[in-house]
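Structure first, then comments.
The values are calculated or read from the model by the stated rules, or taken from the named source; none is laboratory data. All values reported here derive from a predicted model rather than from experimental measurement.
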Amino acid sequence: MKPKRLARYYYLKVLRLEGDPRSLALGVAIGLFVGVTPTLPLHTVLILALAGLLRGNILAGLLAATAISNPLTFLPQYYFSWRLGSLLLPGRLSWERIEGLLAGFDSGAGFQENLASLGHLGLDAIAVLLLGGVLLAIPFTLAGYLLSLRFFIALRKKRQAKHILD
C-alpha cells in the first residue's frame with residue numbers, strides 16, 4: 001500500500017472513533033508510548049493493560065501504535081533507543097555486540113538460535129534499550145496527547161453542530 005493511501009486509511013479510522021475526547025487522546029498517547037518503546041512482541045498486551053488501567057481508549061491506542069511502529073520505523077526506533085540508553089548507561093551494550101547479533105540473524109540461523117542469541121545480550125541490553133526507548137517515547141506521548149485531544153474535541157464539536165443541523 002502506498003504511504004499516502006495508508007495515511008488516509010489511518011486518518012479515516014481515527015475519524016470513525018467515538019467516545020470521550022480525553023479517553024481517545026489518552027489511548028493515542030498510550031499507543032504512541034508503547035509503539036515507540038522497544039517492546040515489539042508485547043505491544044498489544046501492554047496497550048490493553050495500560051489503556052484498561054488508565055481508562056484510555058484501547059482502539060485508539062492500537063491504531064496509534066500501529067501507525068508509529070511499523071517495518072519502516074523499527075530500525076530508527078531501536079537505533080535511537082540504543083543511542084539514548086547508551087548515553088546514560090555507557091558500556092553495557094556496545095555496537096560490536098549488536099553487529100554480532102545482526103550477523104547471526106543474517107547467517108540463516110533458525111528462530112530458536114536467533115532467540116538464544118537475543119537472550120545472550122542479557123539484562124544490560126534490555127536496560128539500555130528500555131531506558132532509551134522510554135526517553136524517546138516521552139515527547140511523542142506528550143505531543144500525541146495534546147494534539148489528539150485538540151483534534152478529538154474539535155471533531156466532537158463538529159459532530160454536535162452537524163447533529164443540530166440535521
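Of the residues 74, 33, only one is among the aromatic types (Phe, Trp, Tyr), under 18 Å from the mean Cα position of the chain (by Cα) and modelled with pLDDT of 90 or more; which?
None of the other options fit; the residue is 33.
Scan (1) modelled with pLDDT of 95 or more; (2) at positive phi for the single condition residue 19 breaks and write down its number.
The failed condition is (1).
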